[in-house]
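Notes for the one structure printed next.
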Amino acid sequence: MTVSATRARALVAGNWKMHKLPSEAAAWLRDLLAAVSASEDTAADIALLVPYTHLPGMAKLAFGGPVALGAQDLSSHTEGAYTGEVSGAMLRDVGAAYVIVGHSERRAYHHEDDALVNAKLAAASTAGLVPILCVGESREQRDAGEAGNVVLSQLTGALDGFAFTGPGSLVVAYEPVWAIGTGLTATAADAQEMCALIRQALERRFGQEGSEVRVLYGGSMKPSNAAELLAKPDIDGGLIGGASLDVADLLAIAGAA
Ligand code: PGA
């Protein structure tokens, strides 16, 4: 088990998926910003990964404030004849700081393989976005004792050639597929074990600075289980789906960090 020497400030990142309308998001964000500025102690950095359509409006409200914004995907291309695609530079231009890459829902429903995830990771860093790289095993893979191998192989595939420029240039989220949106959560011990494995792999690849990359847990994290997960030495925050749609829940998770 590796514990990073200088523990990173926690990152609580909300993945809204395909929820809420842009017109609803403004009021929601105002509530969040008011609550964050009223609370004396924000132990965690907060980011919201929202649909493309929501970014310009939300960025106007969030500009210069304590809540960062990001997208849930990006094109692997920088520009060109790619109907329906959105580039990293476009996302930066409307105020995104982060982008999720390789979420299991993209891998499953949009057939994203390691090569595409690798190209998207490169595109994100070229555009100056911090990628939140998602890795995680299926139930079958865990039952077969393959969880560690699967995650390490996803990590290797994604990071090959990655232009690492320090701990702030990358975030990795361990998201066991069977825990996403199911209400099932990895035990804190299992999540810690996998996050430690990821941290060791990052250290092998990038040295000491690699061990300082923020490693998040995602998969049905909610106020009732966040404190136990976030207390683990190698879990530096959470990637939160369902519970990030509610201001109070998101703040409770951030408060538990
Ligand atoms: P969940 O989603 O918190 O709803 O399980 C997590 C995710 O998909 O990032």
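Under 1.5 on a/c is rounded, so check that first for segment 1-140, then, if it is not, pick prolate when a/b is larger than b/c and oblate when it is not; a ≥ b ≥ c are the square roots of the alpha carbon gyration tensor eigenvalues. Walk me through the numbers before you get to the answer.
Numbers: a/c = 1.73, a/b = 1.21, b/c = 1.43.
Here segment 1-140 falls in the oblate category.
Just the accessible area per residue of segment 123-257, please: how many Å² with a 1.4 Å probe?
On the way: 4780 Å² over 135 residues.
Averaged over the residues of segment 123-257, the accessible area is 35 Å².
With all protein chains present and a 1.4 Å probe, how do Glu40, Glu112 order by accessible area, largest first?
On the way: Glu40 190, Glu112 10 Å².
Descending accessible area places them as Glu40, Glu112.
Could you give each residue of segment 192-201 its phi-based ³J(HN,Hα) in whole Hz, using Karplus coefficients 6.51, -1.76, 1.60 with θ = phi - 60°, and x for Gly or Pro?
Once θ is set to phi - 60°, the couplings for segment 192-201 become 4, 4, 6, 5, 5, 4, 5, 5, 4, 5 Hz.
Suppose accessible area is computed on protein heavy atoms with a 1.4 Å probe; arrange His54, His77 from highest to lowest. Working shown, then result.
Numbers: His54 10, His77 70 Å².
Descending order: His77, His54.
Please build a GNM for the chain, connecting alpha carbons under 10 Å apart, and tell me which residue among Val135, Val172, Val94 fluctuates the most.
Maximum among the listed residues: Val94.
Run the numbers on the chain and let me know its relative contact order in percent, using alpha-carbon pairs under 8 Å that are six or more apart. Walk me through the numbers before you get to the answer.
Numbers: 524 pairs, mean separation 57.1, N = 257.
Once divided by the residue count of the chain, the mean separation gives 22 percent.
So which chymotrypsin sites (Phe, Trp or Tyr not before Pro) in segment 12-88 pass both tests, a DSSP loop state and at most 13 other Cβ atoms within 10 Å of the Cβ? Mind showing how you got there, number by number?
Details: sites: Trp16, Trp28, Tyr52, Phe63, Tyr82; in loops: Trp16, Phe63, Tyr82.
Hits after loop and neighbour filter: Phe63, Tyr82.
Once you have a ≥ b ≥ c as the square roots of the Cα gyration tensor eigenvalues for the chain, tell me rounded if a/c is under 1.5, and otherwise prolate or oblate according to whether a/b is larger than b/c. Kindly include the intermediate steps, with their values, before the conclusion.
On the way: a/c = 1.44, a/b = 1.11, b/c = 1.30.
Verdict is rounded for the chain.
Tell me the carbon and sulfur percent of the accessible area for the chain, rounded to whole percent, probe radius 1.4 Å. Don't skip to the end; give the middle numbers.
Numbers: 5970 of 11100 Å².
Roughly 54 percent, rounded to a whole number.
Rounded to the nearest 500, what is the chain's calculated 222 nm mean residue ellipticity when only DSSP H runs of at least 4 contribute -39500 (n - 2.57) each, over all residues? Intermediate values should be presented prior to the final figure.
Working: 11 runs with 109 residues, N = 257.
Only helices count here, giving -12500 deg cm²/dmol.
Mind listing the phi-derived Karplus ³J(HN,Hα) values for segment 173-188, rounded to whole Hz, using 6.51, -1.76 and 1.60 with θ = phi - 60°, and x for any glycine or proline?
10, 7, 10, x, 4, 6, 9, 7, x, 9, x, 7, 10, 4, 5, 4
Give me the 1.4 Å probe accessible area per residue for segment 31-102, excluding ligands and nucleic acids, in Å². Can you show the working numbers first?
On the way: 3520 Å² over 72 residues.
Value for segment 31-102: 49 Å² per residue.
Order the peptides 67-76, 240-249 from the highest to the lowest mean number of other Cβ atoms within 10 Å of their residues.
Details: 67-76: 21.9, 240-249: 19.2.
Put in order of decreasing packing, that is 67-76, 240-249.
The values are calculated or read from the model by the stated rules, or taken from the named source; none is laboratory data. Since the model is a prediction, treat every value here as computed from it, not as a measurement. So basically every Cβ, Gly included, is an ideal-geometry build from the backbone, and we count neighbours across all protein chains shown. The area values use the complete protein model at the heavy-atom level, side chains included, leaving out ligands, DNA and RNA. Shrake-Rupley method; radii C 1.70, N 1.55, O 1.52, S 1.80 Å.
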